[in-house]
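Reading through the structure tokens given below for one structure.
The values are calculated or read from the model by the stated rules, or taken from the named source; none is laboratory data. Computed from a predicted model, the values in this text were never measured in an experiment. When we count neighbours, we look across all protein chains shown, and the Cβ atoms used for this are built from the backbone with ideal geometry, even at glycine. The area values use the complete protein model at the heavy-atom level, side chains included, leaving out ligands, DNA and RNA. Shrake-Rupley method; radii C 1.70, N 1.55, O 1.52, S 1.80 Å.
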Amino acid sequence: MTGALARKACRAGMIMKTRRIRTLIGAVMFAGATTVASAADSDSDPGFRIDAPETAKPYTHLRFNNRARNFQFAVMADRTGANRAGVFEDAIAKINLLQPEFVISVGDLIGGYTTDTEAVVRQWEELDGLVSRLEMPYFYVAGNHDLSNKPMVKIWEERRGRRYYHFLYQGVLFLVINTDDPFPVQMSDEQVAYFERVLKENPNPRWIFVFMHNPSWRLDPTDGQKASGFPHEHRFSRFDALLKGRQYTVFAGHTHNYSYERRNGGAEHIVMATTGGGSDLRGARTYGEFDHIAWVTMTDDGPRIANLSLDGILPADVRTAETMRSVNAVNRAAPKGALVRAEGKAFTSGTAALRLENPTSAPLNMRIELTAPPPLAVEPAVIDRDLAPGESDRVTVIVTAPEGTQTDDITAPVSARWTATLDDDDESSSPLEVTGDFTLAVDGVRVAKRAAKPVIVDGETDEWGRLPLTVANPEPPARRWRGPADASYRWGVMHNDEFLYLAIQTRDNRVWLDPARAPHQQDGIEFRIDARPDPERSRGRALWNYSDHGLVMVAPPKQPGGEAAVYVRPARLAEVAKVKAIARPHGITAEVAIPATWLNEQQGTTWTAVRINACMHDFDGPAARKAKHLWWRPDWRTNRNVEGSGTFERE
């Protein structure tokens, strides 16, 4: 916090402590002043003296807000998950200016996600060194980055003891939950029983605060998932039931965007944004993206909560559930990526229809700016429409290329950036601006050719000849990409009666491998395969539980004879897939075999078509923020996804 901001906060009276009030009053008293507060002000602090007449008073009243049982503490949000250097450190300095009684976190304190115990210890030592600068106690809360594997759990227990615990302060009960018990996103039966006992032993606290990392109340299976035998039971609902009817407040993190809601009997549930974790920082009210701490003052009537950012103090309802629903509705209705169909090997012209919609109760302006990479051109380049509540419209976009352009030579899509401006008639704030992007991809249905000779999955690609598909541009665009010599690749698809084969050859100016890391956290390759029947296949978005597709990630061993880092999901595919990768001086070669039996299971019959995407992960070093990811077609999980792209028909 800057000196000017600290002075502004003090002048606003938002963080004044009793000891600071007394210091301030003592500093402004005139020497020898003896006037005592009048009988009408008999509730004033007995140590208060002021040199002022009793008739005309330069104050409103003398009921100082300094009850000893009331206190203030600070809550820090996620530090890691694409940590941005300096933010957490700045927050510590800011907290020392505010002088709360103590500080507590909501987890994700270190980078983690490695089995290299020395690296984990170094990360904890770095974090401990930072929090040691605080002039008040700091309470640790575990996040997924802190407990992502068994070696990390052991290190936590050696350094911090319990992974979940409770404490009492000034008659207030604090519950610290571990939402990765075990990893990922679960509460063990033992943990639920522990807090049930704690609550029974403390039946009448002044208030209850709950601190957790993952906002687990959002993750209960839906009715549809329950009906289909959805296997994910994290037990939070049982803990939730223990709190219903009590006076309590919940703080969580993990999502890196702020949200405030009341639930489970009206209790405040707050999801923190970030205190240095990865964020686009698009603003507090619309996206809930800002670096902050929560400032909590415990009073006789319950907690008062303010969000303190670099720009000042923000209210607890800075982004309400209602705002979140409006923004989510706009995002869901926003234009989506579209396929510009290429018929044959050459492409000269095609169209895509964009649907514009206003799903809210406020007027909306939708502006779309389209940018075509060479050799493509797009018309119109700008779309601007005003939409009344509930109104929709359709716009046809034409994409062209010079005569003779080959479809496989079009390696980058048309990029579109949209801005939806909502005028919600709230004169106290500016209109909501919701932004996003999508792509228009020129693509056709390719043929997965039948292998002319046997394919041996050994990481060598000699039997493939020249791989037909080229990726020479980063997708999504990356400023750090320096050209094809920096990162590019060729890949191909073949099949026989037993397997679908995938092969890849990458070109890389520096091959960086780390055996302690996951394959997507170092130089490696990734394939995603959706073999379901259409239209589900074309609409697939690569769900996190792999119920709609298969995932194969591999990074070769650093030294010949070493063990490759391989990650295959779902488990059924992991049992039967074949994967092999080899590190070369200037790249990686890899081969993957997907059994036809698995493809047939997904399609419900003998497979005839499959949707595939490929990706090269290029790190060049340990800093994740410098990595480039080159998808062949836009990542299915993002707004840049194009339905139906990357489809192959069986020859």
**Complete:** Going through the stretch 477-518 in order, the residues found to be touching an Asp or Glu at 6+ places or on another chain (Cβ under 9 Å), of a type in the set (S, T, N, Q) and either closer than 19 Å to LYS453 by Cβ or open to solvent by less than 40 Å² (accessible area, probe 1.4 Å) (or both) are SER488, THR506
**Prompt:** With respect to the numbered conditions (1) surrounded by 13 or more Cβ atoms within 10 Å (Cβ to Cβ); (2) more than 28 Å from the chain's Cα centre (by Cα); (3) of a type outside the set (Ser, Thr, Tyr); (4) within 26 Å of PRO476 (Cβ to Cβ), which one is the sole condition not fulfilled by ALA353?
**Reply:** (1)
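For the stretch 500-517, name all the residues that are aliphatic (A, V, I, L, M), more than 24 Å from ASN473 (Cα to Cα) and under 30 Å from the mean Cα position of the chain (by Cα). Don't jump to the end; show me each part of the working.
Just the residues of the stretch 500-517 that are aliphatic (A, V, I, L, M), to begin with: 500, 502-504, 511, 513, 516.
After this cut, where a residue has to be more than 24 Å from ASN473 (Cα to Cα) as well, the list is 500, 516.
Answer for the stretch 500-517, where residues must be aliphatic (A, V, I, L, M), more than 24 Å from ASN473 (Cα to Cα) and under 30 Å from the mean Cα position of the chain (by Cα): just ALA516.
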**Residues of the stretch 613-637 satisfying the condition of being surrounded by fewer than 16 Cβ atoms within 10 Å (Cβ to Cβ) and closer than 13 Å to GLY540 by Cα** = ARG637
**Asked** Any residue at all in the stretch 113-131 that is part of a loop (DSSP other than H, G, I, E, B), over 21 Å from SER216 (Cβ atoms) and within 23 Å of the chain's Cα centre (by Cα)?
**Response** yes
**Prompt:** Which of the residues that make up the stretch 388-411 are surrounded by fewer than 19 Cβ atoms within 10 Å (Cβ to Cβ), under 33 Å from the mean Cα position of the chain (by Cα) and either of a type in the set (Asp, Glu) or under 26 Å from GLY646 (Cα atoms) (or both)?
**Reply:** GLU391, ASP393, ARG394, VAL395, THR411
**Complete:** Of the conditions (1) touching a strand residue (DSSP E or B) at 6+ places or on another chain (Cβ under 9 Å); (2) part of a loop (DSSP other than H, G, I, E, B); (3) open to solvent by 10 Å² or more (accessible area, probe 1.4 Å); (4) not aromatic (Phe, Trp, Tyr), the single one that SER645 does not satisfy is (3)
**Request:** Taking only the stretch 519-538 into account, find how many residues are open to solvent by 50 Å² or more (accessible area, probe 1.4 Å) and either without any contact (Cβ under 8 Å) to a residue 12 or more places away in the chain or closer than 15 Å to ALA627 by Cα (or both).
**Result:** 2
**Message:** Within the stretch 55-70, does at least one residue satisfy the condition of being modelled with pLDDT of 80 or more and within 27 Å of ALA624 (Cβ to Cβ)?
**Reply:** no
**Request:** Tell me, yes or no, whether the stretch 358-373 has at least one residue that is open to solvent by 10 Å² or more (accessible area, probe 1.4 Å), in a helix (DSSP H, G or I) and on the phi < 0 side of the Ramachandran plot.
**Result:** no
**Message:** Here is a check on your reading of the model: is ALA574 in contact with a helix residue (DSSP H, G or I) (Cβ under 6 Å, 6 or more places away or on another chain) and open to solvent by 10 Å² or more (accessible area, probe 1.4 Å)?
**Reply:** no
**Request:** Please indicate, with yes or no, whether at least one residue in the stretch 339-350 is closer than 19 Å to TYR287 by Cβ, open to solvent by less than 60 Å² (accessible area, probe 1.4 Å), touching a Gly at 6+ places or on another chain (Cβ under 7 Å) and of a type in the set (A, V, I, L, M).
**Result:** no
**Asked** Among the residues of the stretch 182-200, is any on the phi > 0 side of the Ramachandran plot, loosely packed, with under 15 Cβ neighbours inside 10 Å and modelled with pLDDT under 90?
**Response** no
**Prompt:** In the stretch 564-609, which residue that is in contact (Cβ under 8 Å) with a residue 60 or more places away in the chain and of a type in the set (Phe, Trp, Tyr) is nearest to ASN496 (Cα to Cα)?
**Reply:** TRP607
**Item:** Qualifying position, being modelled with pLDDT under 95, among the hydrophobic types (A, V, I, L, M, F, W, C), surrounded by fewer than 18 Cβ atoms within 10 Å (Cβ to Cβ) and over 27 Å from THR320 (Cβ atoms), among VAL442, VAL414, VAL455, VAL447
**Value:** VAL447
**Complete:** Every listed condition ((1) under 17 Å from PHE619 (Cα atoms); (2) within 24 Å of the chain's Cα centre (by Cα)) holds for VAL568 save (1)
**Complete:** Among the residues of the stretch 106-120, the number that are open to solvent by less than 10 Å² (accessible area, probe 1.4 Å) and of a type in the set (Asp, Glu) is 1
**Fill in**
Given the conditions (1) out of contact with any Asp or Glu (no Cβ under 7 Å at 6 or more places or on another chain); (2) closer than 25 Å to ALA294 by Cα; (3) at pLDDT 95 or above, every one holds for VAL121 apart from (2)
**Prompt:** Which residue pairs have Cβ atoms closer than 8 Å, lie 6 or more positions apart in sequence or on different chains, and pair a first residue in the stretch 546-559 that is without any contact (Cβ under 8 Å) to a residue 24 or more places away in the chain and among the charged types (D, E, K, R) with a second residue that is in a loop (DSSP other than H, G, I, E, B) and open to solvent by 20 Å² or more (accessible area, probe 1.4 Å)?
**Reply:** ASP548/ARG532; ASP548/ARG541
**Item:** Which listed residue, of VAL153, VAL141, is surrounded by 15 or more Cβ atoms within 10 Å (Cβ to Cβ) and either of a type in the set (Asp, Glu) or assigned to a loop (DSSP other than H, G, I, E, B) (or both)
**Value:** VAL141
**Asked** Can you tell which of VAL554, VAL566 is open to solvent by 30 Å² or more (accessible area, probe 1.4 Å), under 17 Å from THR589 (Cα atoms) and touching a strand residue (DSSP E or B) at 6+ places or on another chain (Cβ under 9 Å)?
**Response** VAL566
**Message:** Regarding the stretch 278-289, can at least one residue be identified that is aromatic (Phe, Trp, Tyr), more than 25 Å from PRO634 (Cα to Cα) and out of contact with any Pro (no Cβ under 6 Å at 6 or more places or on another chain)?
**Reply:** no
